[in-house]
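In what follows, a structure is listed as structure tokens, so that the remarks can point back to it.
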Amino acid sequence: MTEQEIIEITNRVFEESFELEKEKLKPEAQIFTDLGLDSLDIVDLVAALQKNFGVNMRNEEEIRNIRTLQDVYNFISAIKEREVTN
Amino acid sequence: MKKYDDIVVGSGISGMTMALILGMNGRRVLLLEKSPHIGGSIARFYKKGIPFDTGFHFTGGLQKDGILYDLLSVLEIRDLIQPVFLSPDNAHSFFFESEGRRYEVPYGIENVKNRFKDYFPGEVSAIEGYFEKVRHVCDNTPSMNLRTLFSQHRLLDEDLISLEDVLNGLTQNPALKALLSGFAMCYGVRPDEISFANHSRMCHGLYQSVAGVRNGGSSFIKAFETKLKDYEVEILCNRHITGLADIRDKKAGRFILNTGEEISGDNCVFTIHPKEILKVLPERYLSRAFVDRVSSFESSAGFFSVFAVLNSENEDTDFESSLFSIFPHYDINRLLDPAYTGTPPLVLIKSIERTEGKTCRTVTAFETSFFEHVKAWKDSETGKRPQAYHDYKKSRTENILERIFTVFPEYRNTLEVIGSASVLTFRDFLNNYDGSAYGIKQKVNQFNLKGKLPLRNLYAAGQSSLLPGIIGAMMSSLIVGRSIVDADRYNKFLLKNLR
């Protein structure tokens, strides 16, 4: 999966699952302030990402460190990479 | 308008537990129940003077220092519940119709292991490996030992892998695999869908001991009623929440009931089905992601039940309280698939009931069933169902009896059917969302609805939020209690009655 595909799918999840406008979805956007999610939305975000990427995302340590949209892209890239090497 | 610290919605075993925990911690609590009586599916019913349980039949964890023993101690109701342990040597029998083979499974972990090794001498390392993995999961699940105060819960690797995958890594023996996953009937999820960790958490207690309770589910309800009264918990039946009002800073201030009454509460804990919770939450406070997550939960298996009693004059000395599971073949995944159209698994629960001076020997049969089987009549009401539905019940009952007589031919002239229940019966009599026995299906990689909800003073507990069965349901309330009660106070409360 390319970097671009990861960005597109992630952004689509934010647009559709949290009803956010495309313009807001910049890599540096802070998900808790700029995008208005709160800590309890993270479970829903992870469930939606899991479904859309067909991956398993239970590394809580990494999830807890997510702050920006770019962090989400990186998080998924890392999972996808691990999938390939495994 | 009446004001409470906490409102608890639903008075099944998790709701009663939640209300009592909060009451014991000095809070002013209201318990709401949609039905005319509290208890939910733990309640018994009587027909022709004979008691039958609907949802609670047997459990693990009632042995000294077992998880349920400890839970009852914390709630100060242990003395009110009298366990009736099944015979340790053959509490649970499994019969595979395709092979005509019967296996008797004892309890006590070492006994279970040794019995399996006797049955499968070539599979010693698979059996050791399986029980070692089960132990590993339970040792590393803090909430399974109340003394750890279970403040942290981390997922284990075994939470991310299915029971099926673990078993396939251990053995290729289809009979052993079927026996090790046969307890799936106690949670209603296919082995390739449940995580190995959750399977282990639910089976561990049943490997240690299997017990019913004197007077069945009624004794729990009675015990809770007594204690709820002691702690001044108010109970209102025939009530449910239809709307929320005064929503500020993501918190609900007022709760509107079906009767038009309005009450206020600082917190509200829903112990009902997640999809029923979704109906109460105002849409504009929910993200699409949240709605999608809750909507995607599937149903666990349900049952078609036949309630019967043995009427022979001569005392049958062989009759003892026990479990007897009949599987048509070894493929448990297929057996728990709603689309499966072959012969379903059938569990017989034999029980000796002493009531009003007489002794009854009851046999309750549970054949796996799904909402899909009764969908055609889903909009019909109790007492007004069409003839086709009655024909369905009659033919299923007759089939079940024939299967019972194949295994117990001596019952042919003495077993009297007292009643039967379909998935729709369970749905309508218990006010249960879909008639399933174990709430939502617990799947690998699923995020249950538990703890805080999108409105921050609302919480979810109950069997669907954690794990099915009496232990999972009660434990879910103990976990939510930690979010509501001050930490120091809560720890003292947990430890006070644990020796």
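The values are calculated or read from the model by the stated rules, or taken from the named source; none is laboratory data. Just so you know, these numbers come straight off a predicted model, no measurement behind them. Here Cβ is always computed from backbone atoms with ideal geometry, including for glycine, and neighbour counts include all displayed protein chains.
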Condition test on residue B:327, is it more than 14 Å from chain A (Cβ to nearest Cβ) and touching a Pro at 6+ places or on another chain (Cβ under 9 Å)?
yes
Would you mind finding the one in A:39, A:17, A:77 that is small (Gly, Ala, Ser) and touching a residue at least 60 places away in the same chain (Cβ under 8 Å)?
A:77
Output the helices (runs of 4 or more DSSP H) that fall wholly within region B:418-499 and possess 2 or more residues being under 15 Å from the mean Cα position of the chain (by Cα) and within 21 Å of residue B:33 (Cβ to Cβ), or say none.
B:423-430, B:469-484
In region B:152-195, anything within 14 Å of another protein chain (Cβ to nearest Cβ) and crowded, with 24+ Cβ neighbours inside 10 Å is listed as B:195
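Which of the residues that make up region B:265-284 are within 14 Å of another protein chain (Cβ to nearest Cβ), in contact with a strand residue (DSSP E or B) (Cβ under 9 Å, 6 or more places away or on another chain) and farther than 30 Å from residue B:183 by Cα? So that I can check it myself, show each step before the final result.
Of all residues in region B:265-284, those within 14 Å of another protein chain (Cβ to nearest Cβ) come to B:274, B:278, B:281, B:283-284.
Adding the requirement that they be in contact with a strand residue (DSSP E or B) (Cβ under 9 Å, 6 or more places away or on another chain) leaves B:274, B:281.
Hit for region B:265-284 is B:281, nothing else.
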Region B:449-468, subset of a type outside the set (Ser, Thr, Tyr) and out of contact with any strand residue (DSSP E or B) (no Cβ under 7 Å at 6 or more places or on another chain), residue surrounded by the fewest Cβ atoms within 10 Å (Cβ to Cβ)
B:454
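Residue under question is residue A:1, and the condition is that it be more than 10 Å from chain B (Cβ to nearest Cβ), assigned to a loop (DSSP other than H, G, I, E, B) and modelled with pLDDT under 90; does it hold?
yes
For the condition within 25 Å of the chain's Cα centre (by Cα) and within 17 Å of residue B:450 (Cβ to Cβ), what is the one hit in B:353, B:276, B:320?
Exactly one residue qualifies, and that residue is B:276.
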Evaluate region A:54-61: report whether one residue or more is part of a loop (DSSP other than H, G, I, E, B) and either among the β-branched types (Val, Ile, Thr) or touching a strand residue (DSSP E or B) at 6+ places or on another chain (Cβ under 9 Å) (or both).
yes
All conditions in (1) under 30 Å from residue B:486 (Cα atoms); (2) crowded, with 18+ Cβ neighbours inside 10 Å; (3) touching a helix residue (DSSP H, G or I) at 6+ places or on another chain (Cβ under 8 Å); (4) touching a residue at least 24 places away in the same chain (Cβ under 8 Å) are true of residue B:278 except (4)
Can you confirm whether region B:129-142 contains a residue that is in a loop (DSSP other than H, G, I, E, B) and within 14 Å of chain A (Cβ to nearest Cβ)?
no
Within region B:295-311, take every residue that is surrounded by fewer than 19 Cβ atoms within 10 Å (Cβ to Cβ) and closer than 19 Å to residue B:468 by Cβ and give me the one that is farthest from the other protein chains (Cβ to nearest Cβ).
B:298
Number of positions in region B:441-461 that are basic (Lys, Arg) and away from chain A (no Cβ under 11 Å)
2
β-branched (Val, Ile, Thr), away from every other protein chain (no Cβ under 14 Å) and in contact (Cβ under 8 Å) with a residue 24 or more places away in the chain: does that describe residue B:256?
no
Residue in region A:23-41 that is at the interface with chain B (Cβ under 10 Å from one of its Cβ atoms), out of contact with any helix residue (DSSP H, G or I) (no Cβ under 8 Å at 6 or more places or on another chain) and not small (Gly, Ala, Ser) present
yes
All but one of (1) away from chain A (no Cβ under 14 Å); (2) polar (S, T, N, Q); (3) closer than 27 Å to residue B:440 by Cα; (4) surrounded by 15 or more Cβ atoms within 10 Å (Cβ to Cβ) hold for residue B:238; state the number of the condition that does not hold.
(4)
